[in-house]
1. Between rounded, prolate and oblate, where does the stretch 144-183 land on the alpha carbon gyration tensor, with a ≥ b ≥ c its root eigenvalues, rounded for a/c under 1.5, else prolate if a/b exceeds b/c?
2. Hey, what's the chain come to in accessible area per residue, 1.4 Å probe, Å²?
3. Can you compute the helix-only [θ] at 222 nm over the chain? Use -39500 (n - 2.57) per DSSP H run of at least 4 residues, normalise by all residues, nearest 500 deg cm²/dmol.
4. Mind checking which lysines have their C-alpha under 19 Å from Lys203, skipping anything on the same chain fewer than 8 residues away?
5. Place a +1 charge on the Cβ of each Lys and Arg in the stretch 298-410 and a -1 charge on the Cβ of each Asp and Glu, then give the dipole magnitude about the Cα centre in debye, rounded to the nearest 20.
6. Have a look at His371, His45, His62 and tell me which one the Gaussian network model of the chain (Cα, springs below 10 Å) gives the largest fluctuation.
7. Whole number please: convex hull volume per residue, Cα atoms of the stretch 74-228, in Å³.
8. Determine the share of the stretch 247-354's accessible area contributed by carbon and sulfur atoms, expressed in whole percent, with a 1.4 angstrom probe.
Amino acid sequence: MSELLKDGSKAVFDDKESMNQQQREQRLFGPLPKLLELAKRQSEHYALLLADCNSTDIVDRHSLATLPITRKFHLPMQQKQNPPFGGINNVSLGEMARVFQSPGPLYEGQSHERDFWRMGRAFFAAGFRRGELVHNSMSYHFSPGGFIMDGGARACGCAVFPAGVGNTDAQVEAIEQLKPTGYAGTPSYLVTLLERYQQMFQKSGSITKALVSGEAVTGEMEVLFKRYGVTVTQAYASAELGLIAYQETGSSDLVVAEDIIVEIVDPDGSPVEQGEVGEVVVTSLDDKFPLIRYATGDLSAQVVAKPPSSRTNMRLKGWLGRADSAVKVKGLFIYPHQVQEICRRHNVKGSLLIERDGVKDTITFCCHDSHVAAQDIQVTMQSVTKLKGDVLFVAERQDDRSLIKDLRTN
């Protein structure tokens, strides 16, 4: 049975969260040899990558670290050459529940319906409980953000209003009528909803808690959330891996999710010492879409847990930047090759400028040629990156050839 608090309520989502480290390692690594062998038989990618691997030898973190890494950065090209999943999948396309496209483009499969991305524990840690209504402003279109949050909220026994993105006034009207207590989505859009609700109804709304993802929560945002009486916690997740780590109420660290193996590694793929910054590498135990030593491109560091807490898994300091040259904007990664694609389609030179206007991220394509209309570039930019932005015609600087310039400060 799950550990109980003094009032009789559960302290954790399930018993996995309060296991001792030895129990957890046995549970994670016990099925790993069988999973590796299955992947070698049924996945084109892993059949080649792990050809020299003796699956029965991979029984702990030390032996896992001997396996080669699969990098997220390479997947878009790999999937283009071997569609739709780059040969990583263990099952056919028709055996998936859904297939999604994230910017890159990067295709991801959902192999079953029930909390596939394992977000339930993040909602539970954020204080969500059975019987509540969650206003979900993540997109249900193309990328799986809406479904990720939807599945997690329902795993906690909550009902979900699938608001998606845009139509802010209509969303605010729905909040006034339905009185949801929870919010799921990006933190910047939560600010937008809270401020617009105040403007329309001259009062604070019903939302008192939020689970946010896709963007950093800035100091300015924290002040606004406190002013509106909303407790906000963060989840670190990705479309292909699901939940990686999550924040407990009152803690700044992120607890690593159960059912995955997380390593923090140096550029060569070797684990770094606790406290050192390195790339987050994840091994997922999904038997239909396995990801083995999958390098996310995100930087973080393992930190020592600060008692008291009922959750005993390893902890991360949080997102500390990118190991590659991609940047995250409004919950989506923008890659240099996407900027190159914009330039190629219009036969221009240019770069992408990312700035922050208040709590909102903005993108501007800085074009060094004038033979194309700004509106045409804007259409291409949204098509390639899935984000709207402005176009600015500027002279090219010979001393700055970077494709992406990120001028945001937290």
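The values are calculated or read from the model by the stated rules, or taken from the named source; none is laboratory data. For clarity, every value in this text was computed on a predicted model and none was experimentally measured. Cβ coordinates were reconstructed from backbone atoms using ideal geometry, including for glycine residues, and neighbour counts include every protein chain displayed. With ligands, DNA and RNA removed, areas are computed over all heavy atoms of the protein, side chains included. Shrake-Rupley method; radii C 1.70, N 1.55, O 1.52, S 1.80 Å.
1. Numbers: a/c = 3.56, a/b = 1.42, b/c = 2.51.
Cα axes put the stretch 144-183 in the oblate bin.
2. On the way: 18870 Å² over 410 residues.
Heavy-atom SASA per residue in the chain reads 46 Å².
3. On the way: 12 runs with 112 residues, N = 410.
About -8000 deg cm²/dmol.
4. Straight-line reach from Lys203, under 19 Å: Lys179, Lys226.
5. Values: 18 positive and 13 negative charges, 139 e Å.
Around 660 debye, computed over the stretch 298-410.
6. Result: His371 has the largest fluctuation of those listed.
7. Working: hull volume 18.8 nm³, N = 155.
Convex hull of Cα atoms, per residue: 121 Å³.
8. Details: 2110 of 4240 Å².
Solvent-exposed carbon and sulfur of the stretch 247-354 make up 50 percent of the total.
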